[in-house]
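Beneath this line is the structure, given in structure tokens, with notes to follow.
The values are calculated or read from the model by the stated rules, or taken from the named source; none is laboratory data. Model, not experiment: these values are computed from the prediction. Every residue, glycine as well, gets a Cβ built from its backbone with ideal geometry; the counts of neighbours run over all protein chains shown.
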Amino acid sequence: MNILAQLIVSGIVVGMIYGVIAFGYQLTFSTSKTLNFGQGEALTLGALVGLSLVWFLTARGLGIGLAYIVMLPLVLMFGLAQGAVVERLGVRQAIKNKSEAGWIMATIALGIIFRNIAENLWGRDALKFPSPLPEIAIVVGPVRIQPMEVVIVLGALAMMLAVEAFNRKSIFGKAVVATASDRDAAGLMGINTGLVITFSYALSSMAAAFAGVLIAPITLAGATMGGVLGLKAFAVAIIGGLSSGLGVVVGGLILGITETFTGYYISTGYKDVPGLVLLLLVLALKPTGLFGKAVIKKV
Amino acid sequence: MKSWASAAALAAVFVWANQACAAESIKIGLTGPFTGGSSSMGVSMRDGAKLAAAEINKAGGVLGRQLELVERDDEAKNEVGVQVTQELINKEGVVANLGYANTGVALASTRFYQEAEIPVIDNVATGSIVTRQFLPPEHKANYVFRNAANDKIQSGMIAEEAIKRQGFKKPAILADATNYGQLGQKDLTAALGTMGVKPVTIEKFNIGDTDMTAQVLRAKEAGADVILTYAIGPELAQIANAMGRQGWKVPLIGSWTLSMASFIDGSGANGEGAMMPQTFIQAGTTPRRKAFIESFQKTYNIDRMASPVSAAQGYDSVYLMAAAIAQAKSTDGRKVRAALENLEAKVEGVVTTYDKPFSATDHEAISANIPVFGVVKGGRVVLAHPEDLEGDKAIRTKTGS
């Protein structure tokens, strides 16, 4: 029983990390039917920029906790800018040309460029990201959890709720929803749909950068940290459904918990297999994802 | 008169050019991962080698010629290793090569030196097979040498330390899914087997895995009293951190990569006490070692060497190659290889004093008795058992095999 609880908690933490990155995929897909395959690199850059800011601030005498809080909005802004750059350079032209695959190539290429930049600026060794919270586990009943892991779960949930609320309540958010449901009609209503798409990319990279600074204190920060996570999150987005914000959260939790369960009860060597089997099953039985709404494509 | 003067000038130029030719430097390739995940090893190795070359050149060089190290970054990638190797052989015309921190790169690259009959000393990569690819009699001669502790030696030492010296009975092995981790895990299981011990569990993980809870819990539930590892820095740090989170404190003993800065920095307090075989520890246990460490710190303006083992082995490899070239009185690959296999002079390095380190059949300069155990303490690797390097045991020289 104790082990079971511990595995569920660890699975939730991992799952929330996947979920928040997958949430970024969902954001851009809902407005433009395109994805940023450089999402993992957006996470990497966010973590490394955050690390440099923390170094800079602590060298100026700030405590690590305060430095982390000051760093957060700056990293979020960096994420916004980075996402906008990706959209302008890689996606806009492809959408304009109605190219089916151009944006795939372009976002992958940009991802590689960003990784190389990270390697040149920060080196390719994994770096320690100082933890803003004590690294001693807190004990809740049978479960042991690090304070930073609690922050990951709460932070990820808060960020996703904030973005969802923004999309539902604000006038900008309504423009996003309008663009998502019918781009041409939204354009006719006077909505600058190009800007909306740019903005969705900015938000998507912001989510990734945020995930980066959340997880770096419990993992390590380095140029290659985003690669595997970006792929796992892609699987999560497929499982949960690319059109649903709730779907990616649940998809993340499903994959995270499946992984820790398989690792413990079956074999750590096969940890990744059931997640991929699940992915295939979902693609075969419900291609829009568990929570996806089937969209009838009018040709 | 004028023409006589110009003829004299021309003659002078010729003589000068001839002398310059005679004193042309000896080009030696230096290949390693100077960027990338294993760059702390590659860069330390390079810096150690450069220090040795500078010392030799200051003392007059080899055969009256200066040593010139031609550095190439293999980025820890096999294909890049092959590419720079061909460049070093065909374009730069190196007479020997030193380097490699990655077994895969070493295996892919040394083939070209073997074909070109150019001797290579692998000074960091530990895969057991690296020196055994071109054994006679199938091949005329083997051009690949090594002055690093290979994985057979390391796994044997890890088993010896855990089972015999510290008396643990239920080891769990945690190894990554790469060639390095899986081959090391096999060597380790075999070494434990010779002591009649079977690991209670063998767990696996991928490079880039961020959560080791499942692996650690399985080892804990299997009743492990010690964790043996074969992996690299970042994932090792995740293991130590997952153990710390579970509040489960059993000793961590593993291959020399537990001395990587990414493990020590990434695990912090959780990594304290981790033990690993080391051919060299940043401690001035002999005057020669003391001088090397001080010179290294001064030249590169650092306090903690990122990878002392790589730095020391890189340094020693230059001295070994220089001694062979001096003995061969030539830079001809075949003669240098023959000289390496029968080095007459004792070469005083910082890892050990090399007394006939190689023979025609044995290309490993480091034997099982040379490495000692290091332990992570206060963010550094220090000697685990200070008595290992006391008095006349400070320099451990190669024995039988």
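If I ask for residues that are of a type in the set (Ser, Thr, Tyr), away from chain B (no Cβ under 14 Å) and either touching a Gly at 6+ places or on another chain (Cβ under 7 Å) or at positive phi (or both), which ones from the stretch A:187-226 would you list?
Initially, the stretch A:187-226 is screened for residues of a type in the set (Ser, Thr, Tyr), giving A:193, A:198, A:200-201, A:204-205, A:219, A:224.
Filter again for away from chain B (no Cβ under 14 Å), leaving A:193, A:198, A:200-201, A:204-205.
Listed by number, the residues that qualify are A:193, A:201, A:204, A:205.
Could you tell me whether residue A:156 is surrounded by 14 or more Cβ atoms within 10 Å (Cβ to Cβ), part of a helix (DSSP H, G or I), under 19 Å from the mean Cα position of the chain (by Cα) and among the aliphatic types (A, V, I, L, M)? Spelling it out, residue A:156 is indeed surrounded by 14 or more Cβ atoms within 10 Å (Cβ to Cβ), part of a helix (DSSP H, G or I), under 19 Å from the mean Cα position of the chain (by Cα) and among the aliphatic types (A, V, I, L, M). Of everything listed in (1) in contact with a helix residue (DSSP H, G or I) (Cβ under 8 Å, 6 or more places away or on another chain); (2) assigned by TED's automatic domain parsing to the domain that holds residue B:65; (3) small (Gly, Ala, Ser); (4) in contact (Cβ under 8 Å) with a residue 24 or more places away in the chain, the single unmet condition for residue B:339 is (4).
Taking the stretch A:1-90 and the helices (runs of 4 or more DSSP H) fully enclosed by it, the elements with 3 or more residues that are within 14 Å of chain B (Cβ to nearest Cβ) and within 30 Å of residue A:261 (Cβ to Cβ) are at A:2-32, A:39-59. Within the stretch B:241-267, being over 24 Å from the mean Cα position of the chain (by Cα), in contact (Cβ under 8 Å) with a residue 24 or more places away in the chain and within 11 Å of chain A (Cβ to nearest Cβ) holds for B:241, B:242, B:243, B:244, B:245, B:246, B:248. Report yes if residue B:201 is within 14 Å of chain A (Cβ to nearest Cβ), modelled with pLDDT under 90 and touching a helix residue (DSSP H, G or I) at 6+ places or on another chain (Cβ under 6 Å), otherwise no. Spelling it out, it is not the case that residue B:201 is within 14 Å of chain A (Cβ to nearest Cβ), modelled with pLDDT under 90 and touching a helix residue (DSSP H, G or I) at 6+ places or on another chain (Cβ under 6 Å). Here the condition is being surrounded by 15 or more Cβ atoms within 10 Å (Cβ to Cβ) and free of Cβ contacts under 8 Å to residues at least 40 places away in the same chain; of A:53, A:110, it holds for A:53 alone.
If residue B:181 meets every condition in (1) away from every other protein chain (no Cβ under 14 Å); (2) in contact with a Lys or Arg (Cβ under 8 Å, 6 or more places away or on another chain); (3) part of a helix (DSSP H, G or I) apart from one, which number is that one? The failed condition is (1). Beta carbons closer than 8 Å, at least 6 apart along the sequence or on distinct chains, pair a first residue in the stretch A:124-147 that is within 7 Å of chain B (Cβ to nearest Cβ) with a second that is loosely packed, with under 14 Cβ neighbours inside 10 Å and in a loop (DSSP other than H, G, I, E, B) for A:137/B:247; A:144/B:247; A:146/A:136.
Just need a number here: residues in the stretch B:23-48 that are more than 14 Å from chain A (Cβ to nearest Cβ) and either assigned to a loop (DSSP other than H, G, I, E, B) or aromatic (Phe, Trp, Tyr) (or both). Going through the stretch B:23-48 one residue at a time, the tally reaches 3.
Name the residue, out of A:95, A:104, that is within 22 Å of the chain's Cα centre (by Cα), surrounded by 14 or more Cβ atoms within 10 Å (Cβ to Cβ), modelled with pLDDT under 90 and over 19 Å from residue A:221 (Cβ atoms). So that I can check it myself, show each step before the final result.
Numbers: A:95 fails: within 22 Å of the chain's Cα centre (by Cα).
When all the criteria are applied, what remains is A:104.
Whenever a residue of the stretch A:178-202 is farther than 16 Å from residue A:36 by Cβ, its partners that are at pLDDT 85 or above and outside any helix (DSSP H, G or I), lying with C-beta atoms within less than 8 angstrom and at least six residues away or across chains, give the pairs A:178/A:189; A:178/A:191; A:179/A:191.
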